[in-house]
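Read the figures in this text as sums done on the coordinates, not as results from a lab. Worth saying up front: this structure is predicted, and the values here are computed from it rather than measured. Positions of Cβ are generated from backbone atoms using ideal geometry, with glycine treated the same way; all protein chains shown enter the neighbour counts.
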Amino acid sequence: MNKRLLSFLLSALCLSVCAEVNYQVIPLPQQISFDKKGGYMLLTEGMTVGYPAGNQQMKRNAEFAAEYLGLSVTEGKKGADVSLTLGLKSSNPDDYAISIGKKGITIQGASESGVFYGIQTLRKSIMNETGEIRLPYAWVCGSPRFEYRGTMLDCARHFFPVSFIKKFIDILALHGINRFHWHLTEDQGWRFEVKSMPELAEKASVRPCTIIGRNIGLSDPDNAIYDDTPETGYYTQEEMRDIVAYAAERYITIIPEIDLPGHMIAALSVYPELGCTGGPYKVWGRWGVADDVLCAGNPKTLEFLKTVYGELCDVFPSKLIHIGGDESPRVRWKACPKCQAKKQELNLSNEAQLQTYINKEMEAFLAERGRQLIGWDETLEGGLSENAAVMSWRGYEGGKAAAKQHHQVVMTPTDNCYIDYYQLKNHDRQPLAIGGYLPLSKVYAMEPVPSDLTKEEAKYIMGAQCNLWTEYVVSPDHAEYMLLPRLAAMSEVQWLQPEAKNYEQFLERLTKLEQSYRRLGYKYCTVHE
Ligand code: ACM
Ligand code: ZN
């Protein structure tokens with residue numbers, strides 16, 4: 001048989017058993033250029049991953065690459081038998097460049113995180129392939145549009161075990177997301193162990209009963225029907241440190257949130273003296289916004305907060321620390337002699353400024369520890385503290401106002417980012433949700449930088465984030481169903497320049513990512529609207 005015929009037959013045979021990779025993953029790489037002369041390498045067992053000697057993060061990266069691609073690891077930059085070489089170059093920290101050629105595969109990153117994203121891209125490229133895997137010679141590179149690429153999970157309304165938190169972090173890593181905003185306290189449960197105040201974990205974490213269905217609009221929620229199964233659980237500091245380390249290996253920073261001065265009824269249930277009326281208070285079994293908040297005029301309030309945040313900073317190394325600040329009614333403050341005395345003492349003109357007074361105290365406390373305060377957009381109302389960052393959730397306006405004042409902003413408007421909303425029009429086809437309608441296409445359509453900001457102001461938009469509140473999200477499976485595939489859409493909002501986005505093409509690429517979800521055992525919504 002002549003050589004050309006043999007080669008043709010071998011190629012034909014390979015078409016049936018070989019998988020040729022196209023590198024079209026989510027988030028889409030910025031550039032995919034195939035070698036004009038063609039050619040490919042086969043990914044085979046026995047190949048090794050090399051990394052720069054002595055770099056522990058690159059060693060971990062090499063281990064991830066070996067695990068994902070079925071290879072083994074060898075220390076040292078290069079060698080005849082090394083097929084995948086990891087290295088560093090300089091530019092934006094999260095940039096990556098993969099080159100596949102005759103000499104093997106090289107993944108370079110501007111930092112270790114960039115290499116990690118390159119590995120993820122290669123992993124997603126081949127994950128669902130079977131048989132012999134052909135990697136066409138190519139140059140594939142990626143560069144995220146935003147430095148802050150977040151997702152929030154509320155573990156207070158419902159408690160999620162450590163095993164799920166790690167799975168959640170794996171899901172974020174798969175999507176190139178690098179911030180996990182961890183909502184740890186609520187009216188309905190306190191989940192952060194404070195060693196010097198053990199009652200918070202022991203008692204404030206216990207919700208004896210939970211309203212069945214929605215209470216919004218009920219005239220008398222006290223007389224609604226409650227499920228008497230207690231909702232309990234908290235994270236020990238050891239568990240949280242372990243989770244922080246697990247996330248850090250995957251280049252994810254955890255931003256913890258202890259919501260203040262509202263959403264504090266669970267804490268008030270064990271420290272009623274911190275409320276304006278003195279209580280008694282019970283961990284809330286219903287949803288919504290409570291009038292009872294921390295008393296702004298009681299000096300013990302700041303003492304309490306500083307103890308909690310002191311321990312929070314010990315556990316979480318993140319520069320940004322979230323102080324909440326949302327949905328804190330001021331009716332109690334208006335009627336409270338202590339709050340009114342504080343308002344007079346500070347010569348404040350309204351109660352919103354009382355909230356700013358607390359925020360400024362907390363900002364100074366955090367700054368002493370090298371941290372920066374971030375809060376929901378209500379923190380703008382009484383004036384922002386000096387270096388506060390703002391998370392804009394009630395639309396884009398708060399974020400715009402903050403950017404104009406030269407404060408950093410994370411955009412997470414309800415309309416595009418609240419993935420506790422229904423994802424399908426037909427509610428009968430989905431589990432009970434808080435309401436709303438946020439289909440996949442609407443997440444994808446999000447533009448985090450409002451067009452009426454100047455170029456200078458636009459620089460303050462650090463990025464975007466999806467939020468998963470869990471009043472009605474009762475299990476890990478349910479959380480995954482709400483997250484996926486909307487997180488895939490958010491990932492392209494976070495990574496791609498606007499002109500590179502294309503929803504139809506995204507849906508094509510999503511088919512492959514959803515195959516990966518199935519392979520990894522992730523639940524997801526299979527219908528896309
Ligand atoms: C929020 O959704 N209350 C920030
Ligand atoms: Zn008060």
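Computed values, structure above
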item	result
Residues Arg250, Arg207 arranged by fewest to most Cβ contacts within 10 Å	Arg250, Arg207
Computed E for Gln237/Ala364 - FRET, C-beta separation, R0 30 angstrom, nearest 0.05	0.80
Anisotropy class of the stretch 258-369 from Cα gyration tensor, a/c 1.5 cut	oblate
Euclidean distance between Cα centres, the stretch 296-338 to the stretch 347-379, Å	9
Pairwise FRET efficiency - Glu202 versus Glu456, Cβ, R0 = 60 Å, nearest 0.05	0.75
Residue-averaged [θ]222 nm for the chain, counting only DSSP H segments that reach four residues, each worth -39500 (n - 2.57)	-10500 deg cm²/dmol
Assigned charges on the beta-carbon of Lys, Arg, Asp, Glu; the chain dipole about Cα centre (debye)	1780
Distance violations [Cα-Cα > 28 Å] among Lys400/Lys442; Lys59/Lys306; Lys360/Lys442	Lys59/Lys306; Lys360/Lys442
The chain: projected area of the alpha-carbon convex hull, averaged over directions, in nm²	27.2
Unit charges at the beta carbon, dipole of the chain: most positive-side option, Gly435, Trp393, Gly104	Gly104
Burial ordering of Ser113, Ser328, Ser125, fewest other beta-carbon atoms within 10 Å first	Ser113, Ser125, Ser328
Whole-Å distance, taken between Cα centres, linking the stretch 455-496 and the stretch 387-443	9
At q = 0.10, 0.17, 0.19 Å⁻¹, base-10 log of I(q)/I(0) for the stretch 131-270 (Debye sum, equal scatterers on each alpha carbon)	-0.46, -0.99, -1.14
